[in-house]
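Read through the structure below, which is laid out as structure tokens, and then see the notes.
The values are calculated or read from the model by the stated rules, or taken from the named source; none is laboratory data. Bear in mind the structure is a predicted one, so any value in this text is a computation, not a measurement. Glycine gets a Cβ as well: all are built from the backbone with ideal geometry, and neighbour counts include every protein chain shown.
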Amino acid sequence: MPRTSTLECPGCPPIRALTFDVLGLVKVTEARSKEGGIPKVVDRWGEPDSSKCILAASIDDRKSGPLLAIAREGGLIEILNPLNGHPCLSISNIIDNGPEPGDDAIVGLHLFKKQNLDLSSRSHTLLTCTTKGNASMRSVELTSSHADSTSSVSSRTWNVCASGNILCSQVDGNENYALFGGKGVEVNVWDLEQGTKIWTAKSPPKNSLGLFTPTWFTSATFLSKDDHRKFVAGTNSHQVRLYDISAQRRPVISFDFRETPIKAVAEDQDGYTIYIGNGSGDLASVDMRTGKLLGCFLGKCSGSIRSIARHPELPVIASCGLDSYLRFWDIKTRKVLSAVFLKQPLTNVVFDSNFAEEEVPSSVVDPPTEAQNTNETQESDEEEVQPLKRKKKSSKHSGSKKPKPKKRSKKAQDETVDDSS
Amino acid sequence: MGAKRKKREEVGGDDEVAGGKKQILPSMIKNKDKRSAVHAKLKHQKKIEKRKKAKAREAAEKRALELGEEPPVKAIPRTIENTREFDETVCKPDDEELFAGNDADEFSSILNRKSDPKILITTCRFNSTRGPAFISELLSVIPNAHYYKRGTYDLKKIVEYAKIKDFTSLIVVHTNRREPDALLIIGLPDGPTAHFKLSKLVLHKDVKNHGNPTSHIPELVLNNFTTRLGHRIGRMIQSLFPQAPNFRGRRVVTFHNQRDFIFFRHHRYIFESKESKQGDTKGNKDKDAKGEKSSQGKVVARLQECGPRFTLKLINLQHGTFDTKGGEYEWVHKPEMDTSRRRFFL
């Protein structure tokens, strides 16, 4: 018998991830059953169009009314509902007298989680940053009627760097501080309330040969949700550096990882482990207290890793990259849980954490959901009242909506049906 | 004493249970003479059986043909290509994302005939012996190719100069130990960079009965680039040649992919009609010469090889132009990817 060895991939716990690729498509991948589920592409939103390549994405996955913001090429920002992909809002980032959108592409995007709880309209804040360094914070209002929402109520723009290109930007866990770094731009930390730069890094001194590596940060992340003072940045010369604002301006710990630029960094929830992915597809986890490499994730990843996402609850990380695969990894064993081929080079991945699997008999579900579908759009505000978990729904969809809307929990359903009737 | 008895038992056991469940494998016998004797006997037996089966098959076929019935179906031999591991990245014919991706990729302007390819060929810094001969042959194979000496320019600078001069591709022939052994194809302006390992180079003058290439634009044959990665490499190779092949020139360049090795061949062909009864008549030069008047004739194409012959193997594919330090790779071969002998990537 021919010598073949196929790696048996253990399945994934129930997870839902959204990926974004260079053709502007958003694909939803879900793994269903409790153990041993194979993730499959469930949905695809958008039409393939390379001029709408997705450059950055940010998800605000609250339990009620989650939102997904994506930034496309050409300065377009869209806010979608991550459940069904319907666009809630789309704004253009083009400044009138500013540079051409082609030159000034959006590099970082963050959708703020705290917002004014206002039933009739909700305002959300978005922080965007472009390669030329124009960071802007704008609030947009989302009214209940999806079609036309008033765009930017207030926006504040400032320039983050005088020269050079910004390549990475992140907002910390408490959403008060943001960091920016890039090619020729040292990492800066800004206070968002006051709009001031509170700290800049200083590059390490010349090495023994008198050579000075130019500053080129390709990815950065804050180390923990509560502490805005420590963050990790990866450079183009395959170096990973830990900075501490309260300690010094030079990096506290810095080490080399393989030979290609560090393209993605993601932090773990314990506050000291990070996951780094580089340009030739190597994914590894590092303990930042000591700077020691904990281990590499081996799994036939042959393309540059563009984005890593850590699931907020389960010990799973997802990585996606230029080889068009989305891979789920188990953190403890560092093995591949599964890999999904998604046909286009991927740029970003986010997890949708409010996804739980539940077997509910479909007969009970069907009648209320028919009524509920039509009311769903208006009911989005009432749903804020009770937290909902999205469950698997096996009913057919009604109406003209293309993707299947997710079923709410039974208790909430009854209440909403009561409200509508 | 004990050893001899054991051997005899084993040999005896072999004869006894010849058709039984347990068979003594030659590898279990420790004595080399005995082991080789048993192995030779087994091989001889297998050979006799195989010959018997083949004869039976031939006899059955001849009998069927004589009786006018259908000959029994020939069994398909198992090959590595037949048993290739299932690859989910194989391009499907109805994949709209594939077409959208194709429209969006870097070669689409050339492949849609909006612009013409213009190739710049250069070498690594030290070039000797077979290198220049190979380059001159490449210049004759690829139309609209120009050769510039390397000098001591940085490759990144060369890329910039080529962009200014409107070249669409840059080919770098790398020599090692006086033999060309690697080929870097860089798409411009910011196309992908493919790094190939070059081997088995046979120059034009070394090919037996070689023909002389003309300067017609050749036809291009790209075989077996099935997966997504293969498709992309296929398009990259296609973008080196002009998209208006001159069929009257009867010149064909073939890139045949088999087991991740890409074989390059360059032929001139001629159509002839081979007739069983009548005399030989030379066929026409056109492709649509199939409608020959002679009734019994089969039209065959005769090939004459001209030009170099070499094989390429993809080492890595980099997104963007050549930049080893700061580059990100779309595909890089890692040893952990070779999980089985039947897994191929192109």
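Looking at region B:183-199, is at least one residue more than 20 Å from the chain's Cα centre (by Cα), closer than 15 Å to B:Arg309 by Cβ and surrounded by 15 or more Cβ atoms within 10 Å (Cβ to Cβ)? No, region B:183-199 has no match at all.
The residues of region B:125-147 that are among the charged types (D, E, K, R) and more than 19 Å from B:Lys205 (Cβ to Cβ) amount to a single one, B:Arg125.
Here are some residues: B:Arg342, B:Arg309. Which one is within 13 Å of another protein chain (Cβ to nearest Cβ) and either among the β-branched types (Val, Ile, Thr) or touching a residue at least 12 places away in the same chain (Cβ under 8 Å) (or both)? Selected residue: B:Arg342, the only one of B:Arg342, B:Arg309 that is within 13 Å of another protein chain (Cβ to nearest Cβ) and either among the β-branched types (Val, Ile, Thr) or touching a residue at least 12 places away in the same chain (Cβ under 8 Å) (or both).
Residues of region A:318-335 that are over 12 Å from the mean Cα position of the chain (by Cα) and buried (at least 21 other Cβ atoms within 10 Å of the Cβ): A:Gly321, A:Leu322, A:Asp323, A:Ser324, A:Tyr325, A:Leu326, A:Arg327, A:Phe328, A:Trp329. When A:Ile305 is tested against (1) of a type in the set (A, V, I, L, M); (2) free of Cβ contacts under 8 Å to residues at least 60 places away in the same chain; (3) surrounded by fewer than 19 Cβ atoms within 10 Å (Cβ to Cβ), only condition (3) is not met.
Counting only helices (runs of 4 or more DSSP H) that fall entirely inside region B:2-113 and contain at least 2 residues that are among the acidic types (Asp, Glu), more than 30 Å from B:Gly191 (Cβ to Cβ) and at pLDDT below 90, the qualifying elements are B:2-16, B:32-67. Is there a residue being aliphatic (A, V, I, L, M), in contact with a His (Cβ under 9 Å, 6 or more places away or on another chain) and surrounded by 24 or more Cβ atoms within 10 Å (Cβ to Cβ) anywhere in region A:252-268? Looking for residues that are aliphatic (A, V, I, L, M), in contact with a His (Cβ under 9 Å, 6 or more places away or on another chain) and surrounded by 24 or more Cβ atoms within 10 Å (Cβ to Cβ), one finds at least one in region A:252-268, hence yes. Applying the selection to region B:124-173, what residues are within 15 Å of B:Leu240 (Cβ to Cβ) and in a helix (DSSP H, G or I)? Within region B:124-173, B:Ile135, B:Glu137, B:Leu138, B:Leu139, B:Ser140, B:Val141, B:Ala162 qualify.
Evaluation of B:Ile171 against the conditions (1) surrounded by 18 or more Cβ atoms within 10 Å (Cβ to Cβ); (2) in contact with an Asp or Glu (Cβ under 9 Å, 6 or more places away or on another chain) shows that the sole unmet condition is (2).
Considering region B:78-100, and only residues there that are surrounded by 16 or more Cβ atoms within 10 Å (Cβ to Cβ) and closer than 14 Å to B:Gly234 by Cα, the residue that is farthest from the other protein chains (Cβ to nearest Cβ) turns out to be B:Cys91. Restricted to region A:225-250, and to residues there that are part of a loop (DSSP other than H, G, I, E, B) and within 14 Å of another protein chain (Cβ to nearest Cβ), the residue that is surrounded by the most Cβ atoms within 10 Å (Cβ to Cβ) is A:Asn236. Residue selection: A:Gly279 satisfies the criterion of being closer than 27 Å to A:Val160 by Cα, crowded, with 18+ Cβ neighbours inside 10 Å and touching a Pro at 6+ places or on another chain (Cβ under 6 Å). Total residues in region A:1-40 satisfying the condition of being more than 14 Å from chain B (Cβ to nearest Cβ), at positive phi and modelled with pLDDT of 80 or more: the figure is 0. Away from chain B (no Cβ under 14 Å), assigned to a loop (DSSP other than H, G, I, E, B), modelled with pLDDT under 85 and touching a Ser or Thr at 6+ places or on another chain (Cβ under 7 Å) - does that describe any residue in region A:256-276? So far as region A:256-276 goes, yes, one or more of its residues are away from chain B (no Cβ under 14 Å), assigned to a loop (DSSP other than H, G, I, E, B), modelled with pLDDT under 85 and touching a Ser or Thr at 6+ places or on another chain (Cβ under 7 Å). Counting only residues that are surrounded by fewer than 16 Cβ atoms within 10 Å (Cβ to Cβ) and farther than 11 Å from B:His266 by Cα, region B:203-223 holds 8 of them. Only a single item in (1) at pLDDT 75 or above; (2) within 24 Å of A:Ile305 (Cα to Cα); (3) within 10 Å of another protein chain (Cβ to nearest Cβ) is not met by B:Thr324, and it is number (1).
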